[in-house]
Amino acid sequence: MKPVLKVVDLEVSYYTDAGRAKALDRVNLELNAGEKIGLVGESGSGKSTMALAMMRMIKPPGRIEHGQVIVDGNDLTSLSDEQMLKARLSQIAYIPQGAMNSLNPVTRIGAQMIDAIKAHSPNMPKDKMRARSLKALESVELKPEVFRMYAHELSGGMKQRVCIAIGILLEPKVIIADEPTSALDVVTQRQVMETINKVQAEIGAAVILIGHDMGLMAQSMDKVAVMYAGRLVEVSTVKEMFTAPKHPYSQALIRSLPKLDVRGVFQGIPGLAPSLLRLPSGCAFHPRCQEAMDKCKTLRPENQVLASGSRVTCHLYGEGA
Amino acid sequence: MSSVTLSNTAIRQPNKVTLFFRYLRRNPSLTFGLLIMLFLVIFTVHGLLTINTKDAYPLAVRPKMPPSFQYPLGTDFFGRDLYAAMVIGMWQTAVIGVFAGALGTIIGTIFGFISAYFGGFIDAAITSICQILIPIPAFLIQVIIAGSIDKRSVTILTMAWVVLLLAWMGPTLVIRAQVLSMKERQFVSVAKLSGMTSLGIIFKEILPNLLPFIAAAFIAQVFQAVFASFYLAIVGLGPVREPLLGNTIWSAQTQGAFFNGWWWWPIGPAVAMILILGSLALINMGMDEMANPRIRRSE
Amino acid sequence: MANLLEFKNVSKIYKRGKTETVALDNLSLTLKDDEPTILTVAGESGSGKTTLAMLLLGFIEPSLGQIYYQGKDISLLSGSERMSFRKEVQAVFQDPFAVFNPFYTVEHLLEVPIKRFKLAKSRAETRDKMAEALTAVGLQPDEIFGRFPHQLSGGQRQRINIARALVLRPKILVADEPVSMVDASLRANILETLRTLQRNYGVSIVYITHDLTTAFHIASSIMVLYRGSVMEAGGVEQVIKYPQHPYTQLLVDSIPWPDLNRRWGQTDLEPSEDSVIGQGCKFYARCPKAMEVCRSRPPLFQLEPYQTASCFLYQEKPKLESEQLSKTLPV
Amino acid sequence: MNFRLLSKRLLFLLMVVWAASTITFFIPRISPKNPVRERFAELARTGGFSPEDLEVIVADYSQRFGLDKPLLQQYGDYMWGILRFDLGISLNKFPKTVMQLIYESLPWTIGLVFITTILSFILGNWLGALAAWPRSPDWLKNIATSFVLFQGVPPVLLGILLIFFIGFKLKLLPLGGAYSIGTVPDQSIGFFLDVLRHQLLPGIALVLGSVGGWVISMRGMGVTIQGEDYVTFAEHKGLGPRVIFRDYYLRNALLPQITGLALALGNLVTSAIVVEGIFALPGLGTMLNSAIRSNDFSVIYGIVLFITIGIATLMVIVEFLYPLLDPRIRHQ
């Protein structure tokens, strides 16, 4: 199966007063149509930067240094600005984290849906745009009345669903959801996640869910990608990740999770996340790694595919091990 | 919060002076404002040390002289050396501005704190008084007050008082709003839990955080005070004897300076006033930028 | 066995114009002096859990009912009693950044309580006390002193908050969502610190959260609130493994367990839109099992020794007076 | 519209009017200066009559103006007069009433103030929005931002400089006056153009002097709005910069500016009054100027009160129009 999304050697830096911070360091990722992947990591690990880079929405002082984002055969990084505008939403859509404030407070929901369609197909007849918007609202299980409402008349969960509806208006190939439920209660969170899964299945899009809640990943994703200090350290299927995580960081992450069967057994990851301004040499995780070897301090590990299908960036695996 | 997490081994910070200059480079309005202000201060101080104060008053020098080496800004119809008049005028403007500005800010800060911290009836009273007074153009009230004072007894200090009377509402409302939002901040709850009293919380927890706002309010007040005293003087309600900048323009105006070809008479004080108000406005703007830095979004 | 803290039929009603919001509805609760426990108060936003915390800390006063601390009504405490109440009932808040005054370095947070409650006689002793508290929560004092809050990580900041409470040797610690803004990988450490506190220093912890997974792991008992009323309460293992109230069932069923064997169930999710509560069960409008009798307010029914639910599904079970609620909360 | 809100706002308006009139009533009366005496003492100095006559005249006038009555009764009469739009009689242009004088000058000031307010609102907000908009080219940002510099400059000083450079040095436009000396006011286009020519310099001074304030506040507003999630999300939707600028950015940033309109009008009126004096334009300002010069106190108080009421009324009107523009307020 040909991947619908290919991220190749993506690198993003932020230029600050204190120096250059590599927020994304040679990240590679592939995703098939209809596949759902969760992107996890501590804050500052580069998850959100990854989403913004894929949308080509990195703003100064940040910059995409190099790399490609290929959606359905088109390299987004080589598009002109105008072409990129068209590609957003129609090729690759983004569902924001702060749904509370992501809708324009002074225009109706319907107008905000229609202007999105209009930006991509200016010649579509008005009633067709309207019909399409109403259909999207229906997909996310919102009443058609929402079309004529304002953002402040909706609850948090409803606003998040409006954002999802906007995201699927043009049936994109890839949907990026950036912590879409972080501000919601568990029940609403579950409703929103189920809505995302439902619309994803309807249009057959690939989904990237960014978050730090491993529970959400376990409940609704197919694969999990773990980021650490701007680097992708492991990509595995959910099953593999929760039963046999490969990278020591992933292992620590899984160990830190509360379990259902035994109460009171969990442990955190010792140490602190490194500053992106002065990353440790070699493997960035080595100061916190319990299995660190000498070469981890000097040599940066390469990404490799294991027999299990997991992709991992660690010296413990491969010929050298 | 920035997207960069600082680790244990914190990045070495350059010293404070370097940081300040680096900041100035990024905040041009503050830099320009401060530079102009510095120039004005040097000009005035230098002038006060070198001029003969008497030259700023009528019948001191030959009248109606255009700018020359002896009288760099010329002399006026009444026989005043306009350079000496400008130096004295700047000094007096500074006195009015700082006096009314400082007092207005202090009164406003106190009222703002009282209003926000105690709430209830006191708060309602103070805020409604401010809200009712604010739509009334201060200048017009000042005209009435200044007009009701015997012209011969108007001094620089009376000017300052007149200006001050309507200068406290702005800072009151600003500080009140700030204290109200601070009160809701969690560090105030924690201070309560740590056993601090209301008074302690006001002075030790809230006040230090408001210093930038108070400083900004002070600059804004000085601006307002200078502006107001200038307007009063320019319509002839200033202390008539004093060479206040507005007064000089007013007398040039009443003597038809342009029609008579004495163009240098009003131009000097006009430019000086523009520099004073302009530098204050720039500093104020720069401080606004400092107090509300744009928060960069991060993950 | 003296009662450390007692809520007696406490209600908190907020009035805004003509609308009244019942934030907490007739709650009775007791914490014992000699049995340090961790009690979870769970619920979504608007359930009244934060109101409960504010009442407990004495920041707001109940509209109805009384709160007693060591047998005395906290609204009638004398000066010295008030001081010791202040010292002994402490809190750790959700946002580990907002509790720091941005004007000061982080030790200000620890210095103030030591000075105010006169816990140290000299500067050196103050410093020792601060260092001791920081060490107790697993921090290196040298790495903390002299820093500003933004120079520390979220996990470090939250531990300093716990250290602040620890300095005072409180009897009760209200932990209001202490880990929801901390990275998942650091949560375990913070929670572990809290539990050590309870065990080693005999502090009773009221753990307020909407996250049942962490509650499951550190608490011994749980009380589930919905719109100000107790829906279900009891031993944490009992309630989370075998929830009986439809609301608790919905909550537990929606927990995203990081466990492949425990998937989200198929419970029908009723829309959570507001509807008139009236005099009936507060969950009536959303309840899949609502009956005619639910139009009146259900009392608590005792299901197990350590489990009670306010639901007519269990009306054949013995009624439990609301004052007896604490009996079903194991220590 | 909500009836309670309406009555609340009207009460506010009444309070403002009451406060303004009370201030204008009491301040002169607690001062030791007797306005009537002041006025005639001046006439006496210029040699109209003897000091003995002065006392008689003052007594006569005081009686005619009701100044001999008890203070509270005067206050009552005064307030009652205001309610009937009666601001008293001019001391100087007796027997003309203050209201008559105001009506004569008002159209000039209204014309100048309204046109300049609207121009500076549009220009200032447009420039401010462009200055904060990240996609504006640098030169445009710099030009827009440089208008901020005018914020510190009182229009009257700009007026003086304009008179000097454009009127006096270059002789492009008249130095002052409402229309050329010798022309007779009529309805012709020629006369209209002549008036416009005379209003141009004061107009420019007022617009330039007030535009900076709008640029600053709009720029600040713009910076806040462009950081809002809905603007970012609009970009994620693939909307063009034009649509985002107009529908998401400008529209939201402009709303709070509208509330500032009435207050800005107050400042502009103040400036216009002073500028009129410099340019010798007919209007409330010149009237106030000559009233100050001739100690015509009833006219001074009358003008102050009239303008205050006008501005407070406009504030209330703006506040009522605001919900029509902002759906969030409308639904509350």
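The values are calculated or read from the model by the stated rules, or taken from the named source; none is laboratory data. Bear in mind that the values here come from a model prediction, so they are computed numbers and not experimental data. Methodologically, a virtual Cβ is constructed for each residue, glycine included, from the backbone with ideal geometry; neighbour enumeration extends over all protein chains shown. Protein only, heavy atoms only, side chains kept; ligands, DNA and RNA dropped before computing areas. Shrake-Rupley method; radii C 1.70, N 1.55, O 1.52, S 1.80 Å.
Nearest 100 Å² is fine: how much accessible area is buried between B and C, summed over both sides, with a 1.4 Å probe?
Chains B and C together bury approximately 2100 Å².
Sequence-distant or interchain residues sharing an amide H contact under 5 Å with C:Leu4, placed H: which?
C:Leu31, C:Lys32, C:Asp33
Label-point separation (nm) for B:Ser198 and C:Arg263, each offset 7 Å from Cα along Cα-to-Cβ?
Using points 7 Å along Cα→Cβ, the separation is 5.9 nm.
Using just the helices of chain D, give the 222 nm mean residue ellipticity in deg cm²/dmol: DSSP H runs with n ≥ 4 each add -39,500 (n - 2.57), and the total is spread over all residues, rounded to 500.
Mean residue ellipticity at 222 nm (helix-derived): -24000 deg cm²/dmol.
Treating only the Cα positions of chain B as identical point scatterers, give the base-10 log of I(q)/I(0) from the Debye formula at each q in 0.10, 0.11, 0.15, 0.16 Å⁻¹.
-0.69, -0.79, -1.18, -1.27
Compute, for segment C:1-141, the length of the dipole vector about the Cα centre, with Cβ point charges of +1 (Lys, Arg) and -1 (Asp, Glu) only. Units Debye, rounded to 20.
Working: 18 positive and 17 negative charges, 105 e Å.
Charge dipole of segment C:1-141: 500 debye, to the nearest 20.
On the accessible surface of the protein assembly as shown, probed at 1.4 Å, how many percent belong to carbon and sulfur atoms? List each step's numbers first, then the result.
Details: 32830 of 55140 Å².
The C+S portion of the solvent-accessible surface of the protein assembly as shown is 60 percent.
Using Cα springs under 10 Å in a Gaussian network model of chain D, which residue among D:Asp186, D:Asp77, D:Asp86 shows the largest mean-square fluctuation?
Highest fluctuation among the options: D:Asp186.
Within 10 Å of each Cβ in A:180-192, how many Cβ atoms from other chains are there, averaged over the peptide?
5
Report C:Arg82's accessible area, 1.4 Å probe, all protein chains in place, as a number in Å² to the nearest 10.
Answer for C:Arg82: close to 100 Å² accessible.
State the extension gain, in nm to one decimal, for the chain segment bounded by C:Asn9 and C:Asp33, taking 0.36 nm per residue of separation less the distance between their alpha-carbons. Don't skip to the answer; put the middle values down first.
Details: separation 24, 0.36 × 24 = 8.64 nm, distance 1.99 nm.
Stretched out fully, the C:Asn9 to C:Asp33 stretch lengthens by 6.6 nm.
What are the extents of the Cα atoms of segment A:18-167 along their three principal axes, listed from largest to smallest and rounded to whole Å?
Cα extents, longest axis first: 49, 33, 31 Å.
Roughly how much accessible area, to the nearest 100 Å², goes out of reach of solvent when B and D pair up, both sides summed, probe 1.4 Å? Numbers along the way, then the final one.
Working: alone 17330 and 18930 Å², together 32030 Å².
Between B and D, the summed buried area is about 4200 Å².
For the protein assembly as shown, count all C-alpha to C-alpha pairs, find those more than 40 Å apart, and express that count as a whole percent of the total.
Distances greater than 40 Å cover 60 percent of the Cα pairs.
Could you name the aspartates and glutamates whose alpha carbon sits less than 20 Å from that of C:Lys289, not counting residues in the same chain fewer than 8 places away?
C:Glu232, C:Asp253, C:Asp268, C:Glu270, C:Glu273, C:Asp274, C:Glu316
Which residues, if any, in segment A:113-153 lose at least 40 square angstrom of accessible heavy-atom surface (probe 1.4 Å) when the other protein chains sit next to their chain rather than the chain being alone?
So the qualifying set is A:Asp115, A:Tyr150, A:His152.
Need one number: nm distance between label points at B:Phe121 and D:Leu193, each 7 Å from Cα along Cα→Cβ, rounded to one decimal.
Modelled inter-label distance: 6.8 nm.
Can you list the HN-Hα couplings for segment A:137-145, worked out from phi with the Karplus curve (6.51, -1.76, 1.60; θ = phi - 60°), rounded to whole Hz and with x for Gly and Pro?
Each residue of segment A:137-145 in turn: 4, 5, 4, 8, 6, 10, 5, x, 4 Hz.
Mind listing the phi-derived Karplus ³J(HN,Hα) values for segment B:28-34, rounded to whole Hz, using 6.51, -1.76 and 1.60 with θ = phi - 60°, and x for any glycine or proline?
For segment B:28-34, the Karplus curve yields x, 5, 5, 4, 4, x, 5 Hz.
Identify which of D:Gly88, D:Gly167, D:Gly212 has the largest mean-square fluctuation in a Gaussian network model of chain D, with springs joining Cα atoms closer than 10 Å.
Comparing D:Gly88, D:Gly167, D:Gly212 in the GNM, the peak value goes to D:Gly167.
What ranking, highest mean first, results for peptides B:18-24, C:112-118 when packing means the other Cβ atoms within 10 Å averaged over each residue?
Descending packing order for the listed peptides: C:112-118, B:18-24.
Between C:Val174 and residues 5 or more places away or on another chain, which pairs have amide H atoms under 5 Å apart, with H built 1.01 Å from N, and which residues are they?
Answer set, sorted by chain and number: C:Gln90, C:Ala91, C:Val92, C:Val206.
Between A:Ala18 and A:Ala307, 0.36 nm times their residue separation minus their Cα-Cα distance comes to what?
In short, 99.8 nm is gained.
Who wins for biggest fluctuation among B:Gln253, B:Gln142, B:Gln224 in a Gaussian network model of chain B, springs between alpha carbons below 10 Å?
Largest GNM mean-square fluctuation: B:Gln253.
Once the Cβ-Cβ distance between B:Leu38 and D:Ser146 is put in as r, and R0 is 22 Å, what FRET efficiency do you end up with, to the nearest 0.05?
Efficiency at R0 = 22 Å is approximately 0.55.
Before rounding to the nearest 500, sum -39500 (n - 2.57) across all DSSP H runs of length at least 4 in chain A and divide by the residue total; then give [θ] at 222 nm in deg cm²/dmol.
Value at 222 nm, helices only: -9000 deg cm²/dmol.
Using square roots of five times the C-alpha gyration tensor eigenvalues, list the equivalent-ellipsoid semi-axes of segment D:104-293 in whole Å, biggest first.
38, 16, 15
So how far, in whole Å, is the C-alpha centre of segment B:226-240 from the one of segment D:199-223?
Each part reduced to its Cα centre gives a spacing of 23 Å.
What do you reckon, how do D:Leu263, A:Leu170, B:Leu199, C:Leu57 stack up by accessible area (1.4 Å probe), largest on top?
B:Leu199, D:Leu263, A:Leu170, C:Leu57
More than 29 Å apart: what percent of Cα pairs in segment C:3-219 qualify?
27
With a cut-off of 19 Å, note down the residues of segment D:287-301 whose backbone N falls inside the zone around a label point 7 Å from the Cα of D:Phe94 toward its beta carbon.
D:291-301, by backbone N distance to the label point.
Viscosity 1.002 mPa s, temperature 20 °C: what is the translational diffusion coefficient of chain D from Stokes-Einstein with a Kirkwood Rh over Cα pairs, rounded to a whole number of µm²/s?
For the chosen part, D equals 93 µm²/s.
In segment A:224-268, what residues drop by 40 Å² or more in accessible surface going from the chain by itself to the full protein assembly, probe 1.4 Å?
A:Pro258, A:Leu260, A:Arg263, A:Gly264, A:Phe266, A:Gly268
Please give the FRET efficiency for B:Ser128 paired with B:Met290, using the beta carbon to beta carbon distance and R0 = 22 Å, rounded to the nearest 0.05.
0.10
When we measure straight from the Cα of A:Lys246, which lysines land under 22 angstrom away, once same-chain ones fewer than 8 places off are left out?
A:Lys36, A:Lys47, A:Lys223, A:Lys259, A:Lys295, A:Lys297
Which distance in nm do the two modelled labels at D:Leu321 and C:Lys121 give, with both placed 7 Å along the Cα-to-Cβ direction?
7.4
If you line up the long axis of helix C:107-116 against the longest principal axis of chain C, both from Cα atoms, how many degrees apart are they, to the nearest 10?
90
Mind giving me the FRET efficiency for A:Met124 and D:Phe114? R0 is 41 Å, r the Cβ-Cβ distance, nearest 0.05 is fine. It would help to have the intermediate numbers written out before the result.
On the way: r = 43 Å, r/R0 = 1.06.
Using R0 = 41 Å, I get an efficiency of 0.40.
List the residues of segment B:238-268 whose backbone N lies under 17 Å from a point placed 7 Å from the Cα of B:Thr155 along the Cα-to-Cβ direction.
Zone members listed by number: B:238-244.
Taking a point 7 angstrom from the Cα of A:Lys2 along the C-beta vector, which residues in segment A:146-178 have backbone N less than 15 Å away?
Correct set: A:173.
In whole percent, what relative contact order does segment D:104-293 give with Cα contacts below 8 Å and a gap of six or more residues?
36
Return the value, in Å² to the nearest 100, of accessible area buried between chains A and C (probe 1.4 Å, both sides summed).
On the way: alone 15650 and 16560 Å², together 28580 Å².
That pair of chains buries around 3600 Å² in total.
Skipping prolines and chain starts, which residues have an amide H placed within reach, meaning under 5 Å, of the one on A:Ile175, given they are 5 or more residues away or on another chain?
Under 5 Å from the amide H of A:Ile175 lie the amide H atoms of A:Ala93, A:Ala206, A:Val207, A:Ile208, each far enough along the sequence or on another chain.
Across segment A:221-231, in residue order, what do the Karplus-derived ³J(HN,Hα) couplings come to in whole Hz, using 6.51 cos²θ - 1.76 cosθ + 1.60 with θ = phi - 60° and x for Gly and Pro?
10, 8, 10, 10, 10, 10, 10, 9, 6, x, 10
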